[in-house]
1. Order the peptides 58-70, 85-97 from the highest to the lowest mean number of other Cβ atoms within 10 Å of their residues.
2. Among N112, G218, V24, which residue has its Cα furthest toward the positive end of the charge dipole of the chain, with +1 on Lys/Arg Cβ and -1 on Asp/Glu Cβ?
3. Determine the per residue accessible area of segment 29-78 with all protein chains present and a 1.4 angstrom probe, expressed in square angstrom.
4. For segment 144-186, just the Cα set please: Rg and Dmax, both in angstrom.
5. Among the GluC sites (Glu not before Pro) within segment 198-275, which fall in a DSSP loop and have no more than 15 other Cβ atoms within 10 Å of their own Cβ?
6. To the nearest 500 deg cm²/dmol, what mean residue ellipticity at 222 nm is calculated for the chain from DSSP H runs of n ≥ 4 alone, each contributing -39,500 (n - 2.57), summed and divided by the residues?
7. Got a number for carbon plus sulfur as a percent of the chain's accessible area, 1.4 Å probe?
8. Using a Gaussian network model of the chain whose springs link C-alpha atoms within less than 10 Å, name the residue from V126, V276, V24 with the highest mean-square fluctuation.
Amino acid sequence: MGKSWLWLVALAGLFGPSAPQEKVTARIEAHPPAPTEYHPLTLTCEVSGDPGPQQFLWEKQGSQEPLQKGPDNTLFFPSFNKTHYGTYTCTATGSQGCVVATYDLWINDLINSVFVFPQETKDAYVLVKATPEQPLQNFTVCLRSYTDLTRPYSLFSYATEAQDNEILLAKHKPGEYRLYVGGKFVSFRIPKGSQMGSEHICTSWESTTGIVGFWFNGKPWPRKGLQKGYTVSHKAVILLGQQQGSYEAGIDAKRSFTGEISDVYMWDVGISTQEVASILYNLPVEAPIFGWRNFPYKIEGEVYLKP
């Protein structure tokens, strides 16, 4: 009886209803997420639902000849430039058949433009539509601002589900900037000055030492320490002009920004004073996660992109 029962179970496994197969899909991802001209770029064709695609066909719309065909799911550009603009397709062929993905390769260059935040509100901000691809052990953020505010305000807010101030660059008062990492902060004091003008800020952080670098209008400030050994999550929401609060608290209009923000960059590496000097002219040495020469954004509320 026991053997008969085992045979029945085996037959049921062979001839019974099979589990539904996962739908095969494909997508093309760019590395870095916001390509920068004259820097390396990789397009990767990611397939799910197929145990192992065997061949990838890369094509560009408008080109008669295929760009690449074979087992490699990546398409590499040693120096991405305007000649590469266009729509790319990847046809992945595997055991479940063929699946096609498309990708529009272009840039959104905001050089000589600024975001204008005309009034205090909790409903106006710029959402950055690119985030790091993996957790951060290092990062650098640079931007330029122009305002007459004397109260505290937030410029760059990087929030995760676990920590609303995962990364926050804010001005606490006219003579003090603060950088938050994982909810803790360090302060950097700057000259208040007698005349109002735009202020260019760069700040960097590294996990292994906790060292924070800070540059004001290209000049380095004494380095400080913060959150040694911490890892910054890459699953984030990035806003300009507002400080993100907890789910219950939401956004505080009293810390919103009014004025102009431009020249925004973020890297997953540190930066040198020489490289900061290049960023003052929007000439990045290293390809950023996103930057002003290709800035992926969405405006919410009353914010305007102006020359």
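1. Per-residue mean Cβ counts within 10 Å order the peptides as 85-97, 58-70.
2. Checked the options; the winner is G218.
3. The answer is 54 Å² per residue.
4. Cα-based Rg and Dmax for segment 144-186 come out at 10.8, 33 Å.
5. Listed in order of number, the matching sites are E248.
6. -2000 deg cm²/dmol
7. 52
8. Top of the fluctuation ranking is V24.
The values are calculated or read from the model by the stated rules, or taken from the named source; none is laboratory data. Just so it is clear, the model here is predicted, and its values are computed rather than measured. All Cβ positions, glycine included, derive from the backbone under ideal geometry; neighbour counts span all protein chains shown. Areas reflect the complete protein model, heavy atoms only, side chains present, ligands, DNA and RNA absent. Shrake-Rupley method; radii C 1.70, N 1.55, O 1.52, S 1.80 Å.
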